[in-house]
1. To the nearest 0.05, how large is the calculated FRET efficiency for PHE117 and LYS16 if R₀ is 22 Å and r is the Cβ-Cβ distance?
2. I'd like the FRET efficiency for ALA53 and SER5, computed as 1/(1 + (r/R0)^6) with the beta carbon distance as r and R0 of 30 Å, rounded to 0.05.
3. With a cap of 13 neighbouring Cβ atoms within 10 Å, and only residues DSSP puts in a loop, list the GluC sites (Glu not before Pro) found in the range 41-136.
4. Taking the simple approach of a point 7 Å from Cα along Cα-to-Cβ for both ARG70 and ASP32, what is their distance in nm?
5. Go ahead and run the numbers for FRET between ALA81 and ALA60, Cβ-Cβ distance against an R0 of 30 Å, rounding to 0.05.
Amino acid sequence: MDEASLLDEVSRLHRKSYDAWATEGEPEALYDVLSGVWTGTALTEQYVNQRVALARLHAAKGGLSLRGHRVEEARVTGLDAHGATLRLTWLVGGLVTHEGHSHERISRYEAVYDVVFTADGPRLAGVWPKDQRRLAAPPPDAEGWFLDDVVDPTMAPSATSGLDALRGGP
């Protein structure tokens, strides 16, 4: 697999990994989503982590609704016949609900991923988080706050709002 195809496939897998939140913790559905993205012990770790996180959200009468995901940067740092190592930076935004109220959030993450080539195609086999920053959050006393109202000065000059950044620019 060439680097460009690998980057496209890993970006697709990465986005698909966020679909696990839509399963609301239903064990079989959660496993089905995650097994199409992860493999080996990383699959087990992701499954357990997602089940725990979803159970905590449910216990807090909450949930998570993903509203946007965009890989900002992906680069291959190692590639051979068996797999690859990549470094990804991405934005994710959504609505987090708990204890009877909701917050819209945008965060930027960075991590290193190991990818293995399986008979079913590339799968993520390990992850090492490197950075996490919340880019947009409502002020504590906000009544009517929307992601569109947030301009993050650390984003590229062409990004006019948080949602534009998630959509790939204005």
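Read-outs throughout are calculated quantities, based only on the coordinates presented, and are distinct from any laboratory measurement. In this text, all values refer to a predicted model and were calculated from it rather than measured experimentally. Every residue, glycine among them, receives a Cβ derived from its backbone with ideal geometry; neighbour counts consider all protein chains shown.
1. So, using R0 = 22 Å, E works out to roughly 0.80.
2. Working: r = 32 Å, r/R0 = 1.05.
After rounding to 0.05, the efficiency reads 0.45.
3. Answer in residue order: GLU99.
4. About 3.1 nm separates the two model spin labels.
5. With a Förster radius of 30 Å, E is 0.05.
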